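K.L.:
Below is a structure I'd like to ask you about.
Taken together, the values in this text are just the output of simple stated rules run on the coordinates, not laboratory data. The model shown is predicted, which means the values in this text are computed figures rather than measured ones. Every residue, glycine among them, receives a Cβ derived from its backbone with ideal geometry; neighbour counts consider all protein chains shown.
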Amino acid sequence: MFNSTRIFAAASIAAMSLFAGSAMAEGEKYVIGTDSTYPPFEFVDASGTIQGFDIDIAKALCAEMKAECSFVSTDWDGIIPALNAKKFDMIVSSMSITPERLKLVDFSNKYYNTPPAIAVPKDSKITDVAGLKGKVIGAQTSTTHANYAEKHLADTELKLYPTADEYKLDVSSGRVDAVIDDVVVLSEWVKSDAGACCKILTTLPVDKEINGEGAGIAIRKGDPLKEKLNTAIAAIRANGEYKKIQDKYFDFDVYGD
């Protein structure tokens, strides 16, 4: 969701909380905001519980910090304003570390980094990026992927959606010609029954000005939690917990260069 780059409006927070089971009761307590519509990074399972790679990473970091953590699901457009309004203490939601966001929040070090990609219907006559000229491309609003399309795919028509689920429905029904998102998000989708309509056309070169240095954990400006998170990220990378979580979801290294 990898992903992914998303921005701001009014927040609406649905109460969905889950405690990090191995955290120590005597430690700090943190509330984590996430947009739970971005599988496999974050999603809600049949029981109503928020799951995913980001969620498992957050739990591991909370355990490393001996902190008790709970999660709330919030709309992507309002997630940064909600953080700055102290609705929660951090954002763990595949948020790319970009110059624009760094004006509003601080970030931990990255915890993964994967490139953007394009998906098209399996019967599409589009065979490469050049073939997208004049076509309609779907993307989630306020994301790095939408920004990437605006800059690098300017000869296409960009159609924006509040959630990834909505652009997936439109490409599967032929209302858009292609979609852009993180390669992991699109790859997992096209392997599923819901994504059987479509295939990966190509990955795209990373534009660091847009895509940033990877996905990090957003915190309010000046929050000392940043250093705690950086220490915890290094620890789970070193002790094997990161790889254990990664291998649960992916068959390749998502941490990146």
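K.L.:
Going Cα to Cα from Lys221, which lysines come in below 26 Å? Please leave out same-chain ones fewer than 8 positions away.
P.N.:
Lys29, Lys59, Lys66, Lys86, Lys87, Lys103, Lys110, Lys208
K.L.:
What aspartates and glutamates could a cross-link reach from Lys243, if we take a straight Cα to Cα line under 12 Å and drop same-chain neighbours fewer than 8 places away?
P.N.:
Filter leaves Asp56, Asp251, Asp253.
K.L.:
Evaluate the charge dipole of the chain about its Cα centre and quote only its size in Debye, nearest 20, assuming +1 on the Cβ of each Lys and Arg and -1 on the Cβ of each Asp and Glu.
P.N.:
It comes to approximately 220 debye.
K.L.:
Still on this structure, please answer the following. Tell me the trypsin sites (Lys or Arg not before Pro) within region 120-176 that lie in a loop according to DSSP and have at most 14 other beta-carbon atoms within 10 Å.
P.N.:
Lys122, Lys125, Lys133, Arg175
K.L.:
Taking every Cα atom in region 114-208, find the radius of gyration and the maximum pairwise distance Dmax, and write them in Å.
P.N.:
In Å, with Rg to one decimal and Dmax whole: 11.6, 33.
K.L.:
Run the simple label-point estimate for Leu102 and Thr127 please: 7 Å along Cα→C-beta, distance reported in nm.
P.N.:
4.2
K.L.:
If R0 is 22 Å, what FRET efficiency do you get for Thr231 and Lys29 from their C-beta distance, rounded to 0.05?
P.N.:
After rounding to 0.05, the efficiency reads 0.75.
K.L.:
Roughly how many nanometres apart are two label points built 7 Å out from the Cα toward the Cβ at Tyr255 and Ala196?
P.N.:
Going from the Tyr255 label point to the Ala196 one covers 3.8 nm.
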